[in-house]
Amino acid sequence: MIPDNCASMHLLIQADVDGELEPAEAARVAAHLEICPSCARLQQRLLSLSSRMHGLPRHRAPELLREAVRTRLAKEAAGKGGGGRWRRAALGAAGVALAASLAASLMLFALLPRGDAMPDWIVAAHIRALQPDHLMDVASSEQHTVKPWFAGRLPFSPPVKDLTQAGFPLIGGRLDYLPGHTAGTLVYKRREHIIDLFIWPAGDEAFVSGSGARDGYNFVRWKAGGMVFWAVSDLNAGELEEFAALWR
Amino acid sequence: MPPQQEQPSFEQVVLPNLDAAYNLARWLVRDAQLAEDVVQDSVVRGLTYFASFRGGDPRAWLMRIVRNTAYTALAARQQALRHTDAREMTADEQVLNVPDPGANPEAALSGAEDAERLTDALRALPPELRECLVLKELEELSYKQIAQITGVPIGTVMSRLWRARKMLMGAAGEGGEHDS
């Protein structure tokens with residue numbers, strides 16, 4: 001018996017290995033493999049190559065990239081797309097060439113001001129949290145509920161203060177992922193304004209206390225008790241400083 | 001963001017597929033930093049095009065943008081590297097003519113068949129073969145999705161996969177004993 005022309009079987013054998021064949025075609029392939037040792041060997045090699053390739057590491061998106069994309073999407077959602085501070089870490093020569101060619105075709109490109117990007121991350125995290133259902137992982141006005149909630153979720157224990165008496169009621173807490181840091185975030189309210197207070201352990205990096213504004217949001221940052229604090233809100237700068245002073 | 005009916009939001013398309021997008025970009029441009037740039041630029045492009053996205057396979061839609069952006073990036077890099085090429089080439093030809101830094105596929109597989117060599121061999125494949133194999137074996141996409149992403153007919157996807165695999169299996173005469 002003359003086997004089906006082997007060359008014509010190759011793509012079918014491959015499609016069979018790839019799980020792309022209808023049962024009838026698969027049966028035809030199986031019948032051919034029964035009588036053709038060389039095609040049977042080919043199938044074995046394809047299967048073995050496939051399984052070796054499945055063992056290759058899949059490149060996962062780096063955290064910084066993931067965060068940059070989230071930030072971009074958050075800005076878009078907040079209606080600030082297009083002109084945003086689109087963070088681009090250390091552009092190489094190739095990146096510059098790419099940027100130039102894309103900028104020409106897209107007219108959408110905005111290079112970041114160099115220097116400290118953290119205010120952008122913080123404000124982006126704050127804006128993201130203001131989207132529906134993102135504000136709090138634990139909703140409680142009770143500091144004795146919020147503080148234990150962080151235990152087991154963070155490798156450190158952020159201080160929790162109740163400032164209800166001073167007009168800044170605590171409403172809850174959540175976790176945030178910022179470049180290089182996992183932050184415990186406390187959520188406070190002042191009238192209808194939400195204040196996010198991001199807290200993480202201070203590292204060795206240079207840190208400058210101070211305040212500023214980004215995209216209409218005010219922030220105050222300081223360091224105390226081995227922790228870094230960032231308060232951000234659309235509250236006016238004066239009252240936000242007042243909030244920070246109560247904490248410091 | 002466009003108004004949404006039953007359609008997923010852009011965020012719902014992008015975030016779950018970010019690893020796949022980066023993996024494809026990384027295998028296509030073979031450079032971690034450039035791959036990040038490609039993904040970021042793809043998101044920007046995607047935002048612009050998303051209004052015209054009319055359903056279908058959102059993952060394939062995104063991957064097609066990533067793929068095209070990666071090729072644009074490679075072509076731009078090529079132009080930057082040797083902007084005085086006398087020959088008039090189309091963008092596609094330029095991409096296909098990118099010299100591969102790695103060993104050729106046969107040589108790479110001739111020794112111990114470990115993951116590192118397989119990786120080198122894959123990196124050394126011509127890009128149009130490499131992308132098919134990455135999408136098939138690493139992303140486990142169907143022929144139909146790969147055809148959508150690469151913009152060629154399914155038959156071409158099949159023959160590219162076949163050529164790619166033959167090259168990877170090539171060294172020991174594997175697949176070569178057939179008279180094709």
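Values for this structure:
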| read-out | value |
| --- | --- |
| Segments A:55-67, B:53-65 sorted - mean Cβ within 10 Å per residue, highest first | B:53-65, A:55-67 |
| Two-site FRET efficiency, A:Ser38 against A:Gln131, from Cβ-Cβ distance with R₀ of 45 Å, rounded to 0.05 | 0.15 |
| Of every Cα-Cα pair in segment B:7-50, the percent that sits beyond 18 Å | 26 |
| Modelled FRET efficiency - R0 45 Å, B:Glu140 with A:Arg248, Cβ distances, 0.05 increments | 0.25 |
| Gain on full stretching of the segment that runs from A:Asn5 to A:Phe156 - 0.36 nm per residue minus C-alpha separation | 47.6 nm |
| Amide H partners (placed H, <5 Å) of A:Ile171, local residues excluded | A:Val187, A:Tyr188, A:Lys189 |
| Ratio of Rg to Rh over segment A:116-247 (Cα coordinates, Kirkwood Rh, two decimals) | 0.92 |
| 26 Å Cα-Cα threshold exceeded, pairs from A:Lys75/A:Lys189; A:Lys75/B:Lys136; A:Lys75/A:Lys147 | A:Lys75/B:Lys136; A:Lys75/A:Lys147 |
| Equivalent ellipsoid semi-axes, segment A:6-54, via Cα gyration tensor eigenvalues times 5, rooted, Å | 17, 13, 8 |
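Rule-based calculations on the coordinates, nothing more; no lab input. Keep in mind the model is a prediction, meaning the values are calculated, not measured. Cβ atoms come from the backbone with ideal geometry, glycine included; neighbour counts cover every protein chain shown.
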